[in-house]
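The values are calculated or read from the model by the stated rules, or taken from the named source; none is laboratory data. Quantities reported herein were computed from a predicted structural model and do not represent experimental measurements. Counting neighbours? That spans all protein chains shown, and the Cβs are built from the backbone with ideal geometry, glycine included. Note: areas computed on protein heavy atoms with side chains; ligands, DNA, RNA excluded. Shrake-Rupley method; radii C 1.70, N 1.55, O 1.52, S 1.80 Å.
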Amino acid sequence: MHAGVQEMDACMKIIIVGCGRVGRALVQQLNEEGNDITAIDVDASRIADVTQKYDVLGIVGNGATYDIQMEAGIEQADLMIAVTATDELNLLCCLIAKKAGQCQTIARVRNPEYSKDAKYLKEELSLAMVINPEYAAASEIARVLRFPSAIKIDTFAKGKIELLKFRIPAGCVLEDYAVKEIATRLHCDVLVCTIERGDQVLIPNGDMVLQAEDLVSIVATPANGMHFFKKIHLFSNQIRTVMLAGGGGTAYYLSDLLQKSGISVKLIEKNRERCEELAGLLPGVTVIHGNAEKKEILLEEGLENTGAFVALTNLDEENILLSLYAKSRMNGKLVTKINHPEYEEIIRKLELDSIVNSENITAESIVRFVRAMKSSVGSNVETLYTLIKGRVEAAEFLIRSQSSIVGVPLQELHFRENILIAAIFRGGKMILPRGQDTIQIGDSVIVVSRNLGLHDICDILV
């Protein structure tokens, strides 16, 4: 049984071709969610690494060959995910999988030329998903730059609801407020979902008191979120100038998105040939040949007066150092791209504003699709975000039919621990749920939970 037409078994057979950073992240997360994983890679050391760390089957070989896919059990597979470093190889993997096994297929496609044809490729090759990590990362960065008060912005209900993360600075009006006082004293329609305080991760009740340096996530409509930040005097003016360090795929997509929004972009890249290529692709962007590691170049190009600085080189260490230097010389927004998730904890302590990891974004998108395949006929996972890695996630469920949760006042339902109904979206409007509210068929329901791996809305009940 495929494609989630009816309820699927909790355990799905998934083949992952390519065990680079994205592949490893997928192996880890999908394995933890109880799926039967087979990993394929031409590099024996990568296969040895994932099979030693996780309870998965590993095959050394070319995943784009019929024999290797048959060895991996493609005929019994529910899903094949191709995330090798080569777009063409990924597409070929999917073609063979469709012919040999009739399973769902997902391909990572990074080349901008192919990305423009993503819709065509998806339809003609019958792909379930085409994912571009660099474009996904660029889209997330562009969102944050449009609302610089927030460290991270996740969207639900097709952009009608936002989950915004921010840090409470010392002296902020929110200091010493109980969570329930935000509505009464500030008259703002927002809901506090999570509080990160040191090493603690809390899903708060109304009596919890906010403190300076807390990392807080709220749910709100875009307009209400803006109103809230103005009320607490954290609203930043629109960013008009952005400096990018590094000229890779993410920088290309981000430059294109920003200039289309009317933002002036200055991009610094040390490879001359890449500079010439980018200048041709992005005529509205100022492309500078230079090494962003040299402080004088950043200063000469106006770092101190720019609205935002985004570190996008291929080296995490370089990005961290560039952002630390930029923080010391400017008051604008900082965004740091990292590739290795183990650095996230370090960066959080350095308070470098927004952190973006394209591998995490890609893995989240694919895991969301897998959850949707495994959903029951009653509800479907529409959107999924990791709020705090390995500890808290937010999922949006579309309620498709009658179930034990529909029509019952929330105060009468018995929820599992550490579950928060953050918002209900109905008829184009967001409802901040109260005890007497009910969930109805057709609603989108946003759930914040420390119980990872929810597949169906009824999973939130005891």
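General observations
- Label selected from [x] -1.16, -1.56; [y] -1.02, -1.32; [z] -1.13, -1.42, the criterion being log10 I(q)/I(0) by the Debye sum over Cα atoms at q = 0.12, 0.14 Å⁻¹ as computed here: [z]
- Protein accessible area in the chain, 1.4 Å probe - carbon and sulfur %: 48
- Summary of packing: across the peptides 197-204, 302-309, 126-133, the per-residue average of other C-beta atoms within 10 Å ranks them, highest first, as 126-133, 302-309, 197-204.
- With a simple spin-label model that places each label point 7 Å from the Cα along the Cα-to-Cβ direction, the separation between HIS289 and VAL173 comes to 5.2 nm.
- Among SER449, LEU127, LEU163 - extreme Cα towards positive end, dipole of the chain, charges at beta-carbon: LEU163
- Per-residue ellipticity at 222 nm from helix content only, as computed over the chain with -39500 (n - 2.57) for each DSSP H run of at least four residues, stands at -9500 deg cm²/dmol.
- Partner lysines for LYS160 [C-alpha distance under 25 Å; skip if fewer than 8 residues away on the same chain]: LYS119, LYS152, LYS180, LYS230, LYS231, LYS260, LYS333, LYS389, LYS429
- Annotation: per residue accessible area for the chain equals 43 Å², rounded to a whole number [probe 1.4 Å, protein chains only].
- Taking each residue as 0.36 nm, the span from GLN402 to TYR54 lengthens on full extension beyond its C-alpha to C-alpha distance by 121.5 nm.
- Student exercise, the chain dipole from Lys, Arg, Asp, Glu Cβ charges, in Debye to nearest 20: 1280
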